[in-house]
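All of the numbers you see were taken from the coordinates with simple rules; none came from a lab. Remember, it's a predicted structure, so these values are computed and weren't measured experimentally. Note that each Cβ is placed from the backbone with ideal geometry, even for glycine, and that neighbours are counted across all protein chains shown.
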There are 2 protein chains.
Amino acid sequence: MARWTETPVTVACASTGFSAEEKRGLYRAIYERRDVRAQFRPDPIPRPVLARLLAAAHHAPSVGFMQPWDFILIDDPALREAVHQVFVRENELAATNYQGEREALYRSLKLEGILESSLNLCVTCDRRRGGPHVLGRNTVLDTDLFSVCLAVQNLWLTARAEGIGVGWVSILDSEELADILALPEGVIPVAYLCLGYVNEFLPLPELQRRGWRGRLPLQKLLHQNRWGTAVPDVEQFESD
Amino acid sequence: MARWTETPVTVACASTGFSAEEKRGLYRAIYERRDVRAQFRPDPIPRPVLARLLAAAHHAPSVGFMQPWDFILIDDPALREAVHQVFVRENELAATNYQGEREALYRSLKLEGILESSLNLCVTCDRRRGGPHVLGRNTVLDTDLFSVCLAVQNLWLTARAEGIGVGWVSILDSEELADILALPEGVIPVAYLCLGYVNEFLPLPELQRRGWRGRLPLQKLLHQNRWGTAVPDVEQFESD
C-alpha cells in the first residue's frame, strides 16, 4: 500500500521538492481512493470544498489547452430519478450477459449511488471548443475525451483527500443522459459521478473484495521497447 | 494556486482524514504539474522511482476492474527516432492548419521531448481484456480508454511529486505507432509520454505563457441540473 515509502529518493531540484508527508498525501489519495457505490452519508458537501474539487479538475492537462469540460451539478430529485431509471434498465440488460452464479453475483453488486449520494455531477466534453483546429488534436480526435478523463481523476483524488467518496456510473445510455441534461449538440457526457461524504472507504476495491475480478500483476503488463519483450529487471516492479 | 488552504475543513471521519500537509502534497501535484516538452535533463530515472510511478498508474480506477493498460518502456534510440519521424511529419501537416502569425507561433512551440527525455513510455489499451462482457462497459465501449487516461493522470501527478516531468505527445499517428511498437491486434496506444527529471517546472502552462490560449473561467463551465442553467451561488467557484 505505502510502497512508495520503501525507497526514499532525494528530489534533484530542491526548489521543486515535495516533503515526505506531501508525497504521502498524493500516494495515499491514489491508493485509498475507491469507486464508491454504497457508504454514502446524506450531509451536503460545503461549497468551498466542492469549489476546491472543481478547481482541481479544471487544472487538469488538456490537449491544446482546450479545457473541453463542463460540470453539471445535479441536485434535483426528479432529474436524478430519471437518470436512475436509465441505469435500472441498462443494468437489467447488462445482467443478461451473465449466467448462473456469475449472474447472481452481478445482480448482488451495488453499482451506483445516484439517489442516495448528496450530489450528482456530470462532466461533459464540448467537442467543438477551441474551434476546428485544436493544437495537438489533429491526429487523434478523441484526445478531447481523454482530457476530460484526466480532469475526472484530479477530482476523484482530491475528493478522497477531503473525505468525499466518488462513484462513476458507467451503465447509462449517453444519448438519454444528454436529453435529460439538455446538452446541446456537440457536447457529450463523459462521466456521471455520485459524490458525498462516506462512512468509510473500503480497504479494497469492491469488485476485488467480492471476487468479481482480481488485480493483475503489474509485472505482466510491462514491456521493453516492443510489445512482448520482457523488461530485463522486471522483478523491480511490484503492484502493491 | 493554493486556494485549497483558504477554507480548511475538518474531515468527518477521523480514521480517513488527511493531514494539512498531505492534502497540500496532492493539491501541489495538481497545480504544479506541467506538460513538459523542454527542460529535460539526461539523468535516468532510478528503477524504484519508476516502479512507484507505474504502481500508482496501475492503481487507477478501471471499468469493471478491467485494468486494460500495458506499459511499454522505450529506451531504444532507433525506436525513438522512428517515433520522432512520425511526429515531425504529423506536426508539419498540423502546422498547415494555421496562417500568418498564428502559424509562426505554432511553429515556434516545442511540442515533444521524444529524443531528449530520459525515457519514453507508451500506455496502451487492450480492448479485449476481461472478455466480451466487462462489467460497466456494456453501454459505453470507450470506458476502457477512459480508464487508461485515469492511470495516466496518476502517473503524471506522482511524477511531479518525484520531480519528474511528463509530456504527452498527441501528434502521432496511432497505427504507425502501433506498428513501431509491434502492438497486437486489439491493443491500441492511448498515451505516448516523455519522462525525465527537469531543470524546472514552469510556473504556467506553456501554451498559456506563450499566448496560444488562456485559461477559461471556471464559473462559465458550471451548470445547475441542466445545461445553461446558472449555478445560483456561482461566485463561490473560482478557477485559481
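So the values come out like this:
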item: Cβ neighbours within 10 Å from other chains - mean over B:178-185; result: 3
item: Pseudo-label separations to other copies for B:Ser19 - Cα-to-Cβ vector, 7 Å, nm; result: 0.7
item: Listed residue (B:Gly214, B:Gln39, B:Pro189) projecting farthest to the positive dipole end of chain B, Cβ model; result: B:Gly214
item: Average partner coverage of B:112-120, which counts Cβ from other chains inside 10 Å; result: 0
item: Shortest-first distances to equivalent copies, position B:Asp179, nm, label 7 Å out along Cβ; result: 4.4
item: Sequence-separation-based contact order of chain B, relative, with Cα cut under 8 Å and 6+ spacing, percent; result: 29
item: Neighbour-count order for A:Glu176, A:Glu235, fewest beta carbons within 10 angstrom listed first; result: A:Glu235, A:Glu176
item: Prolate/oblate/rounded label for the range B:140-240 (Cα gyration tensor, a/c 1.5); result: oblate
item: Sequence of B:Glu22, A:Glu175 once ranked by neighbouring C-beta atoms within 10 Å, starting from the fewest; result: A:Glu175, B:Glu22
item: Computed label-point distance, nm, for sites A:Ala78 and B:Asp43 using a 7 Å Cα→Cβ extension; result: 6.3
item: Using θ = phi - 60° and Karplus 6.51 cos²θ - 1.76 cosθ + 1.60, couplings along the range A:31-39 (whole Hz; Gly, Pro as x); result: 7, 9, 5, 9, 8, 8, 10, 10, 6
item: Position A:Leu93, label points 7 Å along Cα→Cβ, spacing to each other copy in nm (shortest first, one decimal); result: 3.4
item: Fewest-first sequence of A:Ser174, A:Ser117 by Cβ atoms within 10 Å of each Cβ; result: A:Ser174, A:Ser117
item: Estimated dipole of chain A in Debye, rounded to 20 [Cβ of Lys and Arg +1, of Asp and Glu -1, Cα centre]; result: 560
item: Partner chain coverage, peptide A:139-148 - average Cβ within 10 angstrom; result: 6
item: Shape call, chain A: gyration tensor on alpha carbons, a/c limit 1.5; result: rounded
item: Contour excess over end-to-end distance, with Cα ends at B:Glu235 and B:Arg102 and 0.36 nm allotted per residue; result: 44.5 nm
item: Value of [θ]222 nm, deg cm²/dmol, for chain A, DSSP H segments ≥ 4, -39500 (n - 2.57) each, nearest 500; result: -10500 deg cm²/dmol
item: Farthest toward positive dipole pole in the range A:74-113 [+1 Lys/Arg, -1 Asp/Glu at C-beta], among A:Leu111, A:Gly100, A:Val88; result: A:Gly100
